[in-house]
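Inspection log for the structure reproduced underneath, given as structure tokens.
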Amino acid sequence: MKRFEFVSDGAWSGGGGAYFNNVAHAAARHSILAGGPGAIPVFPRNVPHGRNLPETYLLAPQNAWPWAIRGAAKSELRRVLLLRAASEWHMRRASAIHRISGAIPTLGDPAKYSPVMHNPLDTGFEEALAASEDESVPVARGRFVAIGSLNSYRNVSTLFEGYRRYREGGGTHGLYVAGPPKAPEVLRCLQAQAQGIPDLEFHPGALSRPVALAALREAHAVVIPSRVEASPFSVLEAVSLQPRVIPSAALGVREILLRLKTADDEAFFDPDSPAALARALWTPPDVSADWHRALRTHAQREQERLVWGDELARWLESLEIPIPRP
């Protein structure tokens, strides 16, 4: 019997942990995902850990940044370009690819790629949501809120400039930005840029998931400024908690939201244009209330998890690849 083992070795981002939660949720109903002797390994990362890889293995690349590096800081470029080279080598070498986003390219034989299966919110979100009821983030209350890593692809510099223009045009809501710094060069530039911008609260540092969810809930609106995303849990968290979400036109952001409710191009701002972002701060898209209604209940989110798990299991079952000997 064909089985697959999702390999969890190594360090993981919050998104990686959420992906494993979704796999575990699906494995409880589909034994093909449950691993065991002779299971085919699946690496939910761009580059597998370890040197002695088996002949047959699957990849599920999680990071689309290597294919959208415009705007990267000098200190980030070498790392991202090396990741791109290694990602593309393994994507051609792997027996099959679980594709979580259209922002992950198809390289080599297109037949070995799954249909795009965007992440649903995981069961860990439900636990964090319950814990968030005991949290409060006063500094986020009534402000625009943007939470996420401070890598350059998150595009916080454009957010700062767009927000500055919004305030110069008479806007009154403040801005709260929080997230872990990754590159000292990027952090220094953002700290310098933040000087003198009115009513800006900039907190370089990680937030626990319950605290981040509390901040999203208490916001005036949530801004997703990214230049590139793959299948961002942060976007789903935002629309689950907020009827006012202001998303960029990054491909992964668009895809994951348009699954919930179709929208025209005006619902998404150009992430390379501070002027477009400033306009979006004045008028959050009306469709964001529809996105919120599509994910605001536990039952709706559970249905998304069930559909994702069923689709993943069907695709794995359809693969015609050699089964390793135990």
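For the chain, the relative contact order works out to 20 percent when only alpha carbon pairs closer than 8 Å and six or more residues apart are counted.
For ARG93, the shell of other residues with beta-carbons less than 13 Å away shows a net charge of -1, using +1 for Lys and Arg and -1 for Asp and Glu. Restriction of the GluC sites (Glu not before Pro) in region 1-108 to DSSP coil positions whose beta-carbon has at most 16 other beta-carbons within 10 angstrom yields GLU55. Remark: the chain carries a charge dipole of roughly 740 debye about the Cα centre, counting +1 on each Lys and Arg Cβ and -1 on each Asp and Glu Cβ.
Which of the GluC sites (Glu not before Pro) found in region 117-213 are in a DSSP loop and have at most 14 neighbouring Cβ atoms, other than their own, within 10 Å? Passing both the DSSP loop test and the Cβ count: GLU133. For region 1-60, the relative contact order is 43 percent, taking Cα pairs closer than 8 Å that sit 6 or more residues apart in sequence and dividing their mean separation by the residue count.
Of the residues GLY252, ALA263, ALA214, the one whose Cα sits farthest towards the positive end of the charge dipole of region 213-326 is ALA214 (charges of +1 on Lys and Arg Cβ, -1 on Asp and Glu Cβ, taken about the Cα centre). Net charge near LEU129: determine it from the other residues with C-beta under 10 Å of the C-beta of LEU129, scoring Lys and Arg +1 and Asp and Glu -1. With Lys, Arg at +1 and Asp, Glu at -1, the neighbours total -1.
If the only charges are +1 at each Lys and Arg Cβ and -1 at each Asp and Glu Cβ, what is the size of the charge dipole of region 1-151 around the Cα centre, to the nearest 20 debye? Walk me through the numbers before you get to the answer.
Details: 16 positive and 12 negative charges, 157 e Å.
Computed about the Cα centre, the dipole is about 760 debye.
Taking the Cα centre of region 123-297 as reference, the dipole from Cβ charges on Lys and Arg (+1) and Asp and Glu (-1) amounts to some 200 debye. Across ARG141, ARG154, ARG51, mean-square fluctuation computed from a Gaussian network of the chain (C-alpha pairs under 10 Å connected) peaks at ARG51.
Counted by Cβ distance under 10 Å from ASN22, the other residues give a net charge of -1, where Lys and Arg count +1 and Asp and Glu count -1.
Only helical DSSP H runs with n ≥ 4 go in: add -39500 (n - 2.57) per run for the chain, normalise by residue count and round the 222 nm mean residue ellipticity to 500 deg cm²/dmol. Present the calculation step by step, with values, prior to reporting the outcome.
Working: 11 runs with 134 residues, N = 326.
Taken over the chain, the calculation gives -13000 deg cm²/dmol.
Which residue, ILE246, ILE40, ILE147, tops the fluctuation ranking in a GNM of the chain built on C-alpha contacts under 10 Å? Evaluated over the chain, the most mobile residue of the options is ILE40.
Distance between the pseudo-spin-label points of GLU127 and MET1 (7 Å out from Cα toward the beta carbon): 2.7 nm. Toward the positive end of the charge dipole of the chain, with +1 on the Cβ of Lys and Arg and -1 on the Cβ of Asp and Glu, the farthest Cα among LEU319, PHE20, TYR166 is that of LEU319.
Throughout, read-outs are computed from the coordinates displayed, never taken from laboratory work. The structure presented is a predicted model; accordingly, all values stated were derived computationally and were not measured. In this analysis, Cβ positions are derived from the backbone assuming ideal geometry, glycine residues included, and neighbour counts consider all displayed protein chains.
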